[in-house]
Each structure stands twice: as structure tokens, then as C-alpha cells.
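Before any comments, here is the structure.
The values are calculated or read from the model by the stated rules, or taken from the named source; none is laboratory data. Computed from a predicted model, the values in this text were never measured in an experiment. Here the Cβ positions follow ideal geometry from the backbone for every residue, glycine too, while neighbour counts run over all protein chains shown. Side chains are part of the model used for accessible areas, which takes the heavy atoms of the whole protein and leaves out ligands, DNA and RNA. Shrake-Rupley method; radii C 1.70, N 1.55, O 1.52, S 1.80 Å.
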Amino acid sequence: MTDDDAAFALLSRQITTASGFALAAYKDKCIRRRIAVRMRACGVHTYQDYGALLAGSPHEYERLRDALTINVTRFYRNAETWSLIRRVLLPELLGGPRGELRAWSAGCASGEEPYTLVVLAADYLDREGRGDELARVTVDATDIDRVSLERARAGCYRSEGLAELPADLAERYFEAAGPCRRVVERARRRVLVRHLDLSTEPPPRLEYNLILCRNVVIYFDRAVQERVFQIFAGALAPGGFLVLGKVETLFGPARDRLTLVDPRERIYRRPSS
Ligand SMILES: C[S@@+](CC[C@H](N)C(=O)[O-])C[C@H]1O[C@@H](n2cnc3c(N)ncnc32)[C@H](O)[C@@H]1O
């Protein structure tokens, strides 16, 4: 181990102990890059100096946490994936008199992903003349980042944030809230926002028929990714779908439990029996 590695390991332990953010779950390269950004911003050049600075500044812990949890997200991010969810998955899950959507948006950031899903589900049911059945839709929205979760709970977004959402959906399922747009209440209340660290905690519940975990596991190291994939496989009901990010691939033991049904959109399915 080089001196630099030893100093990095020491700093990682300090951060994990003081902030509860389990750095060991993430790829080393990713963490080093994010810490370097904060070190540059603070004008320090060594891990030791940054550790000393952190020790005297709770605010810097918050800024570091912001830098470590990459919260980039958008409504209808990766339109082709949503289009497939809309055309194929939702009719399959919500169709028929017993249709239900029990979804988990794992790593939901500020809520654009779970609200996109709930808006699409509302649109599907409304078009079927079953709008009063929206109570059959529940979306658990979880993330580790408390600031993002506050935004998700508020559910207020600037109009520009809705740019990629099909215009008719933005028109019908959002209302003005001061200078912002907010998902209409009947849809918004189908989303339950809560804190959950995917790398250490169990799923909010079991028997989901749709799990979205997009652009989250990519930051985890391989062992943690494998564990999280196993959690997803176990939390899916028979016939349930798992949607990963465009560049993410399922591996490890979960690969034998789920079937790849759409390689392009990274959609996997738990066999029905
Ligand atoms: C790039 S955003 C992805 C948001 C959304 N899924 C999307 O694709 O647009 C990654 C999110 O993962 C969250 N995250 C990172 N580590 C996490 C962990 N251990 N548990 C839960 N969420 C985590 C971050 O806080 C961030 O909000």
C-alpha cells in the first residue's frame, strides 16, 4: 500500500465514521474523483489536510455528501425505456380487473423517476376509463440522500425539468404551484418517499412487480452490486420486472434468477413460476 493509499483509507474511515456514509460500498476510483473535486474547491492538496478541514467543518461534510451522491435525474429520462414501460409493461401489469402496480424506484434522487412512473400509470388507467383505480398503483421511492428526498417529498419542479416528458402528460398531470409545476395530488399520493441505503438495508417490502434502479449501482463496487441485484431478485414477485440503467448489466447469482427480456433497455424479469 502506498502512502497515498494509506492516507486515502484513513480519510475514508474518518468520513464513514463521522457521516455514516458507507464509502466502502462504492468504487474507489469514483470516490477518489469526487473527493478530489471537493479538495480542489477547498484549495487543499493532501488527504490529510482535507481530513483536518472536514474535522472542523460540518458544512464541508454536507458538500462532500452532495458531491458523492450524484443526483442527476430528469422526468422521462431515456425516453425509449419509458416508451417501452408505457407500451408493454404497464398494460401487462395494470391490465385486467386484478391489475396492480407495486413498484420500487430504488435511488429515486429528487423524485422525477417515481413521478414519471405514476403519471404514466395514471395516463394508462385514464385512457382505459379506469381512472378511479389509481389506488391500485403504489410506488416506493427511496434514496440515501436526504436533500434529494426532501425535494422528492415536495414534488415541485421547474417547468424546464419537464422538457422531455410528452407535452400532453405535462399538461394533464401537473398543476401550477407558485413558480413551479407539481404532479396532481391524486397521482402524487401514490408515491411513498423514504430514506433507504441500498448498500446496507433490506428492501422496503417484497412482491414488487416492477423495480426501477437506474444509474445507481454503477457507482457501487462489484461485490455490493451483486448483493443489491440479489436483493432485487428476492424482492420481485413472480413475473415482476427489473429495469436497470442503459449501461448497467445484471451479474452474479441474480443472473440465474432473472431472465433478460429486453437487452437494449436492460429489462429483466423474474419467471412466473
Ligand atoms: C444519478 S441518480 C439516479 C436517479 C434516477 N434513478 C435516474 O436514473 O434518473 C443516483 C442516485 O442514487 C443515489 N444513491 C447513491 N448511493 C445510494 C445508496 N447507497 N442507497 C440509495 N441510494 C443511493 C444517489 O443519492 C442519487 O440520488
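Tabulated data
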item	result
Filter result for the condition that a residue is touching a residue at least 12 places away in the same chain (Cβ under 8 Å), among the polar types (S, T, N, Q) and open to solvent by 70 Å² or more (accessible area, probe 1.4 Å), over THR138, THR200, THR116	THR200
Members of segment 62-94 that are over 23 Å from TYR124 (Cα atoms) and open to solvent by 40 Å² or more (accessible area, probe 1.4 Å)	GLU62, ARG63, ARG65, ASP66, ILE70, ASN71, VAL72
Residues satisfying the stated conditions in segment 152-163, i.e. within 12 Å of the ligand (Cβ to nearest atom) and crowded, with 19+ Cβ neighbours inside 10 Å	ALA152
Contacts under 8 angstrom Cβ, first residue in segment 221-239 being acidic (Asp, Glu), partner open to solvent by 40 Å² or more (accessible area, probe 1.4 Å), 6 or more apart	ASP221/ALA24; ASP221/LYS27; ASP221/ASP28; GLU226/PRO253
Residue ID - farthest from the ligand (Cβ to nearest atom), chosen from residues in segment 95-108 that are within 22 Å of the chain's Cα centre (by Cα) and surrounded by fewer than 24 Cβ atoms within 10 Å (Cβ to Cβ)	GLU100
Extreme residue, farthest from ALA79 (Cα to Cα), among residues of segment 241-273 that are assigned to a loop (DSSP other than H, G, I, E, B) and among the small types (Gly, Ala, Ser)	SER273
Residues that are of a type in the set (A, V, I, L, M) and either within 16 Å of ALA67 (Cα to Cα) or buried (at least 17 other Cβ atoms within 10 Å of the Cβ) (or both), drawn from segment 8-17	LEU11, ILE15
